[in-house]
Every structure is written in C-alpha cells, then in structure tokens.
Amino acid sequence: MLNINNRLSDITKKLYKTKKHISLLNIKTKRIFENEYSFCFLEIFKTKEKIKKKQNDKIRHKNETKKHRPTCLKKGENMIYTITFNPALDYVIKMQNLKIGKINKSPKEYIYPGGKGINVSIVLKVLEQETTAMGFISGFVGEEIEKQVQKYGVKTDFIKIENDNSRINIKILEETQETAINAKGPYIEEKYIELLYKKLERIEDKDTLVLSGSVPNGISNNIYETICQKLKNKNIKIVVDSTGELLLKTLKYKPYLIKPNQQELEEIFNTKIENKDQALEYAKKLQEKGAQNVIISMGSKGAVLLDENGYSYKINALNTKDAINTVGAGDSMVAGFLAGHEMFNNYEKALQMGVAAATATTNSIFLATKEKIEENLKNFK
C-alpha cells in the first residue's frame, strides 16, 4: 500500500511540473494538455478513494473478528452458538377471518425477531442456558432484529451486510389457519461468508453449534457440510436441524443431534411412515450414516429419540387443543432437548423437556415461556 502511495505522489509531482510547461504552449495544444492533466488528476483521486475504501474494509473486518469469547461464562459452563443465515423481523397479525381481495382491519399486531437459529437461542435463554446468536443482518431492519434478540437476554454476534436490508415476514393467524408471506432477504457475498468462518474458529471444545433452516441467496447448499468440515478437529457438538441434501451431507461428520420431522423423514427415504416404530427404523438408518442422536418429531403423534448408545424413547404429544401457533415449535424442541440434557445429563428427560418446550410454543403467540414449559413438564411425572 505504501509503494502505491509513493507512486501516486511521484506522478502528482510530474503533473505539477507539466502544468508549468502548459502555459508556454499555443492555445490549441494548451487545451489538449489541460484536458489530459484534469483526467490524470481524476484517475489519481479515484485510485486514492479505492485505497481508502480497501483500508476501511480491512479495519472493519478486523474489528468484526476481534470479538472474544464471552467472559460471562462460569467455570465449566459451555456456550451454545446458533447460526441464522437469513433472519427476519416477523410481523404477526392475529385476526378472526382474512378476506382475500378485500381491505382487512387488524385488531392486534406483534413484532418479533424471526429465524430458526434465533428461535433456538431465545428458548435456550428462557431455560437459563448461555447462548450466542450468529448470522447475517442488514440495514435498519437488521438493526431492529438485533435489538429484539438482545431484548430477550441473548448475546449477539451478527455480521452486518452493507447496502441491503434484512427481510420482514408477514404472518397472519386466524382461528383455523395460518398464512405466511416470507421475503427473500439480502444477497450474501463471499467475503461475508469468509468472515463467518473466521468467527467460527473461536468456538472452543465442548461448546455447541446449532445449524438450522434453509440458506439464502449467495450461499452454497454445501455450507453446512463446509462448516462441519472446518470444525471436524474440534471437540464440539454440532446440531443440524434441516432436511434433504443440507442434512445428508453433514452425516459423515457425525453431528451430535439431527431432528427431521416425520414429513422430512418420509421425503429423505421416499416412503410413508405410519407409526413410531417405523420412525425409529428410519432413525436407525440415519444413525448408521453417522448421526449420533436422532429425534423424529411427529406432530400430534409425539416424538421418538434414538440416542447415541442405541436406546430408543417414545413420547406422546401433550395437549395441543389450545394450539394457536406452530412456527418455532421444532426450534423449541431442539432448545428444550439441549437444555434438558445440560440440566439432567439424561436423554429421556432431555426429550421430555424438548416436547414440553415445543408444546409451550404452540400455545403461545411467539415462543415458549418458562412458566408454560414447567407446567407441561408436570405431565411426565
């Protein structure tokens, strides 16, 4: 960079000398030289601006990666990181009956941060687990997403995308159905993905990383596999809550937990699953491919778990007659399971906590509360 600046300085000095000679030339020649002179100075200005921008980008990226591991952790306590690749601000409208093609008046609206990883982090914090939400945000919407997440006590370490805006999703909750309009979100350039990889380097042994959801524009479908590959030599727990190729490509890296639902499991194996025993059979196939623990959520049928030791657990669904919202239920199950295992070091109790948290979310406008989770846990005693 210093050599470039020296070079520009030399050119500038020569141009000033040239300017002195211009005055000695005839008018026509003088105009030609003056035009060339102005052009050269314009090029110098542009070059200096490019150098300045490059230096500023370098400083900004350095500052982004300079953040250290949170110091609030107690001795022996581990951090659970979540990544939300395409977070959103969820604008939730609750109404009796949506009339398509008509003007509808909303009796009540709510605004919440949205995204699978963010949901996991918020429920983890409800259950008093230390968690950090990571991912990509952009513009004034991104700033509001971060504020909303922090409002729930969750630490954030988002990467800020320039010259764009995070998405706003609209969710309409009627008495008998839900309607959602999900926006596209910003394009994620390669430089921001590289910055994410640098942040992930600081995850320490025995920490947990949750990868969940689909990937937005600009991000390869191999992103989960790439992250697992980069972290394979670290003693960390990786949770993958996705489906299709995103999930299957990670299995060779032996993720600590995967959680497809019944429909996703059927799509993976191109089959029809009727009951819990069949679900466990296919959970075993996923375990044979590398997964350590496999949860299959089955909606009103409950859930099953095949743990890393080969033990299986079946659990019935709790009362869902008061269900008003299914968004975030699967994320709540992941959070509940992780928190439950951290608390009890017992897979059966962890599964119970997962189901209790998922049910609490279905009975809430947003996500599970501690009171509702504790109330649901009484059903297992």
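The values are calculated or read from the model by the stated rules, or taken from the named source; none is laboratory data. Treat the numbers as computed from the prediction; the structure is a model and nothing was measured. Here the Cβ is made from the backbone with ideal geometry for all residues, glycine too, and neighbour counts use every protein chain on show.
Points to keep in mind about this one:
- Selection count, segment 351-381, where residues are of a type in the set (A, V, I, L, M), touching a residue at least 40 places away in the same chain (Cβ under 8 Å) and assigned to a helix (DSSP H, G or I): 6
- Selection within segment 206-233 - under 20 Å from N182 (Cα atoms) and part of a helix (DSSP H, G or I): none
- Which listed residue is under 20 Å from K370 (Cα atoms) and small (G, A, S), from G101, G114: G114
- Taking every residue in segment 221-241 that is closer than 19 Å to V334 by Cβ and pairing it with any residue that is of a type in the set (S, T, N, Q), at least 6 positions away or on another chain, the pairs with Cβ-Cβ distances below 6 Å are Y224/T250; C228/T250; K237/T208; V240/T250; D241/S212.
- Residues that are crowded, with 22+ Cβ neighbours inside 10 Å and over 24 Å from Y187 (Cα atoms), drawn from segment 128-153: T131
- Among the residues of segment 331-347, those identified as buried (at least 24 other Cβ atoms within 10 Å of the Cβ) and of a type outside the set (F, W, Y) are D331, S332, M333, V334, A335, G336, L338, A339, G340.
- Qualifying residue in segment 253-260 (condition: closer than 18 Å to S212 by Cα and in contact (Cβ under 8 Å) with a residue 60 or more places away in the chain): yes
- Counting only residues that are in a strand (DSSP E or B) and under 19 Å from Y187 (Cβ atoms), segment 154-163 holds 4 of them.
Okay, residues lined up against (1) of a type in the set (D, E); (2) under 27 Å from the mean Cα position of the chain (by Cα); (3) closer than 20 Å to E174 by Cα:
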{"site": "K314", "(1), (2), (3)": "no, no, no"}
{"site": "A317", "(1), (2), (3)": "no, no, no"}
{"site": "T326", "(1), (2), (3)": "no, yes, yes"}
{"site": "N346", "(1), (2), (3)": "no, no, no"}
{"site": "G354", "(1), (2), (3)": "no, yes, no"}
{"site": "T359", "(1), (2), (3)": "no, yes, yes"}
{"site": "F366", "(1), (2), (3)": "no, yes, yes"}
{"site": "I373", "(1), (2), (3)": "no, yes, no"}
{"site": "N376", "(1), (2), (3)": "no, no, no"}
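- Of all residues in segment 348-372 being of a type outside the set (S, T, N, Q), in contact with a helix residue (DSSP H, G or I) (Cβ under 7 Å, 6 or more places away or on another chain) and surrounded by fewer than 24 Cβ atoms within 10 Å (Cβ to Cβ), the one that is farthest from V240 (Cα to Cα): K372
- Any chance I172 is in contact with a strand residue (DSSP E or B) (Cβ under 8 Å, 6 or more places away or on another chain), under 21 Å from D331 (Cβ atoms), in a strand (DSSP E or B) and at pLDDT below 95: yes
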